[in-house]
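Peer 1: Okay, handing you the structure first.
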Amino acid sequence: MTHSKTITLTVNGKAVTAAVEPRTHLADFLRERQLLTGTHLGCEHGVCGACTILIDGEPARSCITLAVACDGHAVTTVEGLDGDPVAADLREAFSTEHGLQCGFCTPGMLVSARDVVLRRPTADDNQIRVEMSGNLCRCTGYVGIVNAIRRVLDARKTAAE
């Protein structure tokens, strides 16, 4: 017999209180209880990156994070980045540079790419590839993804000059 635990967290800027089973993964909680289906489940082992979200502003794998571990924390999914200017620039660049095909990996890619843009503003293509190596894509070959991130980095550098 399992006992649910009541947790309170912020999801995409909104306070959420819910009873969850201790074994419930954050990805399942977000998809099934919050109906935020932009968080995709791929490998369910923390390897592919499709489930990448932000916890207190830091990228994390929601498939291997327990929802109870997020009690008191802020969680942002790809849906929560709708008004984010960096995410908007990345969405446009991913489209322009053909950085998406089937789209399954795209939510996790965008969350991770946003982190790269904000944390590594001078990254070269090799560094972008290293930073994004935890996000797997079976369709694109990564060239468009790297080019999209490069496009946003270059535009931000030019705007800052």
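Peer 1: Looking for something in contact with a His (Cβ under 8 Å, 6 or more places away or on another chain) and free of Cβ contacts under 8 Å to residues at least 24 places away in the same chain - is there at least one such residue anywhere in segment 56-79?
Peer 2: yes
Conditions (1) crowded, with 18+ Cβ neighbours inside 10 Å; (2) touching a helix residue (DSSP H, G or I) at 6+ places or on another chain (Cβ under 7 Å); (3) within 23 Å of Gly57 (Cα to Cα), marked per residue:
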{"residue": "Gly99", "(1), (2), (3)": "yes, yes, no"}
{"residue": "Cys105", "(1), (2), (3)": "yes, no, yes"}
{"residue": "Val111", "(1), (2), (3)": "yes, yes, yes"}
{"residue": "Thr122", "(1), (2), (3)": "no, no, yes"}
{"residue": "Ile128", "(1), (2), (3)": "yes, yes, yes"}
{"residue": "Ser133", "(1), (2), (3)": "no, no, yes"}
{"residue": "Leu136", "(1), (2), (3)": "no, no, yes"}
{"residue": "Thr140", "(1), (2), (3)": "yes, no, no"}
{"residue": "Lys157", "(1), (2), (3)": "no, no, yes"}
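Peer 1: Among the residues of segment 31-66 satisfying the criterion of being over 13 Å from the mean Cα position of the chain (by Cα) and outside any loop (DSSP other than H, G, I, E, B), which is nearest to Ala113 (Cα to Cα)?
Peer 2: Step by step, filter segment 31-66, then rank; the result is Arg31.
Peer 1: Do you know which residues across segment 67-98 are in contact with a Ser or Thr (Cβ under 8 Å, 6 or more places away or on another chain), outside any helix (DSSP H, G or I) and not acidic (Asp, Glu)?
Peer 2: Matches in segment 67-98: Gly72, His73, Ala74, Val75, Thr77, His98.
Peer 1: Tally up the residues in segment 39-56 that are under 17 Å from Ala74 (Cα atoms) and either surrounded by 16 or more Cβ atoms within 10 Å (Cβ to Cβ) or assigned by TED's automatic domain parsing to the domain that holds Cys105 (or both), please.
Peer 2: 6
The values are calculated or read from the model by the stated rules, or taken from the named source; none is laboratory data. Here the structure is a predicted model, which means the values were calculated and not measured. We place every Cβ from the backbone using ideal geometry, glycine too, and count neighbours over all the protein chains shown.
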